[in-house]
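Participant: Handing you a structure now.
The values are calculated or read from the model by the stated rules, or taken from the named source; none is laboratory data. Just so we're clear, the structure is a prediction, and the values are computed from it rather than from any experiment. Using ideal geometry, Cβ is built from the backbone for each residue, glycine included, and neighbour counts are taken over all protein chains shown.
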Amino acid sequence: MSNGDRCRSRPFRLIAFDWDGTAVPDRKAPADDVVPRVETLGARGVVCAVITGTNIGNLEPTFFERLDPRRRYCLLACMNRGSEVFGYDDNGNRLLLYRREATAAENQAMDEIAITLRDELAQQFGLETNIVFDRLNRRKIDLIPVEEWADPPKARIGELLEAVNTRLERCQVEGGIQHIMDRVSEEAARRDLDVRLTTDVKHVELGLTDKSDSVAYLLEHVAARRGIQRSRICFLGDEFGPIAGFRGSDYMMYGVTGAAYYSVGREPNGVPEGVVHLGGGVPRFLEFLDAQIQAWETAGDE
């Protein structure tokens, strides 16, 4: 038995996982295969926590609302890239447990930074970009605002990267995405604004929170209060390793000493030390949950 199999056979009490590319192929996909597995684990008292950058409205119809209301109390929704956490009461009613809200000054500063970069890219390089303003505590600069790449699935990230790099090279943006991220950092520093910078290749995103805030919430408000040891916590994602020279989208969940980490993604550039690379995508994630159900059946009530 491999080390990964041994670890997966241990019943975890807190299972936190990314959504797009890990639990489902994309956020629009129904989560019919995830629902019964989460319900079964919830009946064992296992806390399942979704950690994602999207908002609660995108996941409710495909996942949360499909769960038996009597099982939702063991589910947490860490949304908007660390800015919100939702839970459910014993009747399945949604509760807002935490929200980080930007001040008027912070919102203004983020708007100014995004607009400055948009105008600068247009005037200096002839590069057309769009700004996504309607995100909680963050702004997104869309580097390729064309119909073909309006909502690219993760499976096409290689093609997307090539399309974005070609676009930036054509406009002679020396340094590509990194140049834009560096300029965002400079503009944030000028305004004394502490921002978290991420990129999914299509966007450069500046915000006040990230997935590490979701992890911190789970450790402080869930694990500590329920007496869950870190050795009984696991995190699953599909992009812990670098993509196109930038940290993967799940890297900010990484680094909790004693917890277990698994990637079901392709991870073409490898994974950080301590992350078990399972591969296999969504089917492997479902297999992981099945293994956990079996582990709890074998272990009994702990």
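Participant: Condition first: in contact (Cβ under 8 Å) with a residue 60 or more places away in the chain, closer than 30 Å to VAL164 by Cα and of a type outside the set (D, E, K, R). Now tell me which residues in region 191-234 satisfy that.
Facilitator: Of everything in region 191-234, those that are in contact (Cβ under 8 Å) with a residue 60 or more places away in the chain, closer than 30 Å to VAL164 by Cα and of a type outside the set (D, E, K, R) turn out to be LEU193, VAL195, THR198, HIS203, VAL204, LEU206, GLY207, LEU208, THR209, SER212, SER214.
Participant: Further question: Hey, GLU101 hits all of (1) within 21 Å of the chain's Cα centre (by Cα); (2) closer than 23 Å to ALA16 by Cα; (3) of a type outside the set (Phe, Trp, Tyr) but one; which does it fall short on?
Facilitator: Among (1) within 21 Å of the chain's Cα centre (by Cα); (2) closer than 23 Å to ALA16 by Cα; (3) of a type outside the set (Phe, Trp, Tyr), GLU101 violates only (2).
Participant: Mind telling me which of the residues THR62, THR52, THR22, THR40 ends up being more than 28 Å from THR209 (Cα to Cα), among the β-branched types (Val, Ile, Thr) and surrounded by 15 or more Cβ atoms within 10 Å (Cβ to Cβ)?
Facilitator: After applying the criteria, what remains is THR40.
Participant: While we're here: Looking at the structure I just gave you, is VAL35 within 25 Å of ARG138 (Cβ to Cβ) and among the β-branched types (Val, Ile, Thr)?
Facilitator: It is false that VAL35 is within 25 Å of ARG138 (Cβ to Cβ) and among the β-branched types (Val, Ile, Thr).
Participant: Out of curiosity, is GLY274 under 17 Å from ALA155 (Cα atoms), surrounded by fewer than 16 Cβ atoms within 10 Å (Cβ to Cβ) and modelled with pLDDT of 95 or more?
Facilitator: no
Participant: Hey, another quick one. Within region 113-161, track down each residue that is assigned to a helix (DSSP H, G or I), within 25 Å of the chain's Cα centre (by Cα) and surrounded by fewer than 16 Cβ atoms within 10 Å (Cβ to Cβ).
Facilitator: Within region 113-161, GLU147, GLU148, ALA155, ARG156, GLY158, GLU159 meet the criteria.
Participant: Return the pair list, or none, for Cβ contacts closer than 7 Å from residues in region 256-271 that are in the same structural domain as TRP19 (by TED's automatic domain parsing) to residues that are surrounded by 12 or more Cβ atoms within 10 Å (Cβ to Cβ) and among the hydroxyl-bearing types (Ser, Thr, Tyr), at least 6 apart or on different chains.
Facilitator: Partner pairs satisfying both residue conditions: GLY258/SER231; TYR261/TYR254; VAL264/THR22; VAL271/SER263.
Participant: Yes or no: region 281-292 includes at least one residue that is in a loop (DSSP other than H, G, I, E, B) and either touching an Asp or Glu at 6+ places or on another chain (Cβ under 7 Å) or at pLDDT below 95 (or both).
Facilitator: No.
Participant: Here is a further query. If you go through region 245-252 one residue at a time, do you hit one that is more than 20 Å from VAL85 (Cβ to Cβ), touching an Asp or Glu at 6+ places or on another chain (Cβ under 7 Å) and of a type in the set (Phe, Trp, Tyr)?
Facilitator: no
Participant: Taking GLY87 as the residue in question, decide whether it is crowded, with 20+ Cβ neighbours inside 10 Å, at pLDDT 95 or above, within 20 Å of the chain's Cα centre (by Cα) and on the phi > 0 side of the Ramachandran plot.
Facilitator: In short, no.
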